[in-house]
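Here is the structure we will look at.
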Amino acid sequence: MTTQPQDQLNQWLTLEMQMTVFHKDAQHDLHHERASDWFQRIAGDEFSSTRKTLVRTDEAKVDNKHYSLTNDPLKVTWNVSAVPDVTNGSIDELPSLGSFEQASQEFHDTLGWFLDECPEITRIGFVPRLVYKTDSKEETYKFLDTCLKDIKVDPSSQEFQYRINRPRKSDVIAGLAINRLSTWTAAKFAIRAVSGDQTQNQPVISHTHYGCVLQLDINTDADRKESIEHESLHKLWDELAKMAAEIVHEGDIQ
């Protein structure tokens, strides 16, 4: 597939982004001050914290985005998603973090410091979820057919989903395999939100939307046992982001 025209690239909207790092050794002290300090750097003192035996989750709304930080013994996961804009009791537009390029850069600008402060890790993953809006099911299937060059997408089919992993070797760390997992889904959906007005009992629901939902999971080899040096993490993260951008720009490619 050739690179998409710029006007098509601009139609990819970022719904959420996620960063996950995997500990070299299991961590059981999930309620330590360091985890709280991490989230305070994003949200200040105004955030909620849910604490269970093996999982701690901190959450907050910051600059019309929803941030969460989840700690468990094996990994740390940061997630940011867009907050629906409820106007006059309705949601007119899909909540979005903007274009992929914009959202990816802002994600790194906001959380890049964590790559310097995270515990010793053996694995890292970048998981963005995007949507390409269309006007109908038929238009969605035609768009998917241009993105997935190795398969024929039948526009008369239903509930289409295609998932594939095309691993590559890293250019940053010799011998390191990087998984390039992409999931392409034809979707018809509405956004549901709960009104902040306690007097309203009904949820707010958006108009119906059609589109292609693309979830990427660009992550390093799960079988690696050696630590990833902190000095390499920023370059490795950039490599993961570039691999994700390549799929957004060019579709499913080797």
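State yes or no: is Arg34 over 23 Å from Asn219 (Cβ atoms), at pLDDT 90 or above and not in a loop (DSSP other than H, G, I, E, B)? The answer is no for Arg34.
When the range 160-178 is examined, which residues are found to be in a strand (DSSP E or B) and surrounded by fewer than 17 Cβ atoms within 10 Å (Cβ to Cβ)? If the condition is that a residue be in a strand (DSSP E or B) and surrounded by fewer than 17 Cβ atoms within 10 Å (Cβ to Cβ), then Gln161, Tyr162, Arg163, Ile164, Asn165, Arg168, Lys169, Ala177 are the ones that fit. The residue of the range 107-149 that is nearest to Asp37 (Cα to Cα), among those that are buried (at least 16 other Cβ atoms within 10 Å of the Cβ) and of a type in the set (Val, Ile, Thr), is Thr110. Quick one: in the range 127-150, of everything that is of a type in the set (A, V, I, L, M) and either part of a strand (DSSP E or B) or in contact with an Asp or Glu (Cβ under 8 Å, 6 or more places away or on another chain) (or both), which residue is nearest to His108 (Cα to Cα)? Applying the filter and picking the extreme gives Val127. Is it the case that some residue within the range 71-86 is modelled with pLDDT of 95 or more, assigned to a loop (DSSP other than H, G, I, E, B), at negative phi and in contact with a helix residue (DSSP H, G or I) (Cβ under 8 Å, 6 or more places away or on another chain)? The answer is no; no qualifying residue exists.
Among the residues of the range 213-232, those identified as under 24 Å from Leu130 (Cα atoms) and more than 15 Å from the chain's Cα centre (by Cα) are Thr220, Asp221.
The values are calculated or read from the model by the stated rules, or taken from the named source; none is laboratory data. Here the structure is a predicted model, which means the values were calculated and not measured. Cβ: placed from backbone, ideal geometry, glycine included. Neighbour counts: every protein chain shown.
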